[in-house]
């Protein structure tokens, strides 16, 4: 039945009302902590510069009929960091974001990303924020546990904390750090041999990042956040995205992800503010995108310029729809979207 069928809507409506209550509670939670709600524009010159991130493209036509390509943003991150450079200190955004080539039980092409930033605070602070939101979601939904399929997670339990290296050792039997150089460059042959010894099918033309993603998806993620939340942190520098390099170990970055019921809920960084480093990372990602997909996205030059003026900061992107889904025990992400795309 379509979502607008009266009986189908009646069945889903209690979950949708819970969604509204949770959104209101989170908004009040951030405002009480001194945050300002912002609304980042969805039309951007660059939708994000990660290899496997796919955007929706459109065109801006001016009064003179001149046409310029634009994109629907995949995250409000670039705009939010420009606001930090402009002087904002603590901000959050319930952003409607758009990602192509993503559809499934946990993925929708249009969804809500809750993103927040703290200037001059390290990423341990936003890790604590993320865990607090799990507790809040359960309280609002009246849930003792978060649920997804056969998994249950107590959001109030003390979180497990695993470095990515520890998770690969314990859950995949792979010493990940041995496949990295002193400055965090991945050795594809070293990781390939370890993956194959562990029974993981990888191709001869897979690079280090391809194999990292396969191992993470197959062996690590399904076992995270079972019974209690899990913080997976210190991603290798070659998977740092927009996170700064760790002062403790130059092979890893200040990046974390939050898991519950085997589902990734949030991705956060101690933010990189060096525009030269960030440009170099973007160029690497876009070169690979061109090789793999035959396309590349432009760089947001204003964003790179703003990084030089941005204060030290930490930030998180949390999948709001997924959080609602786990808190209400909904079977999939469509069940908690008011008007899901068919």
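Here are a few things to note about the model shown:
- Candidates 114, 106, 146: whichever shows maximal mean-square fluctuation once the chain is modelled as a Gaussian network with Cα springs under 10 Å: 106
- R0 of 35 Å, Cβ-Cβ distance residue 156-residue 16: FRET efficiency to nearest 0.05: 0.90
- For the range 6-336: relative contact order, % (alpha-carbon pairs under 8 angstrom, 6 or more apart): 23 percent
- Tensor-based shape of the range 221-342 (alpha-carbon gyration tensor, a/c under 1.5 rounded, otherwise prolate or oblate): prolate
- Residue order, fewest to most beta carbons within 10 Å, for 230, 40: 40, 230
- Highest-first packing order for the peptide set 129-140, 272-283 is 129-140, 272-283, based on the mean count of other beta carbon atoms within 10 Å.
- Percentage relative contact order, the range 57-107, counting C-alpha pairs under 8 Å, at least six apart: 30 percent
- Exposure proxy ranking for 1, 325, 286, based on other Cβ atoms within 10 angstrom of each Cβ and starting from the fewest, stands as 1, 286, 325.
- Per-residue packing, averaged as other Cβ atoms within 10 Å, sorts the ranges 196-205, 48-57 into the order 48-57, 196-205, beginning with the highest.
- Inter-label distance, nm, simple model (7 Å from Cα along the C-beta direction), residue 338/residue 293: 2.9 nm
- For the range 38-101 versus the range 171-206, the inter-centroid distance based on Cα atoms is 34 Å.
- Classification of the chain by its C-alpha gyration tensor yields a rounded form. The axis ratio a/c (a ≥ b ≥ c) stays under 1.5.
- FRET efficiency, residue 149 to residue 96 (Cβ-Cβ, R0 35 Å, nearest 0.05): 0.85
- Prolate/oblate/rounded label for the range 102-220 (Cα gyration tensor, a/c 1.5): prolate
- Between residue 27 and residue 125, the contour length at 0.36 nm per residue exceeds the Cα-Cα span by 33.5 nm.
- Theoretical FRET efficiency, 1/(1+(r/R0)^6), r = Cβ-Cβ of residue 248 and residue 8, R0 41 Å, to 0.05: 0.20
- Secondary-structure-derived ellipticity at 222 nm for the chain, considering helices only, amounts to -10500 deg cm²/dmol, per-run term -39500 (n - 2.57) for DSSP H runs with n ≥ 4.
- Of the residues 128, 188, 172, the one that moves most in a GNM of the chain with alpha-carbon contacts below 10 Å is 128.
- DSSP beta bridge pairing in the range 6-336, given as percent antiparallel to the nearest 5: 85 percent
- Highest to lowest packing among 175-185, 8-18, 328-338, 259-269, scored as the average C-beta count within 10 Å: 259-269, 328-338, 175-185, 8-18
Read-outs throughout are calculated quantities, based only on the coordinates presented, and are distinct from any laboratory measurement. None of these values were measured; they are calculated from a predicted model. Neighbour counts run over all protein chains shown; Cβ positions are idealised from the backbone, glycine included.
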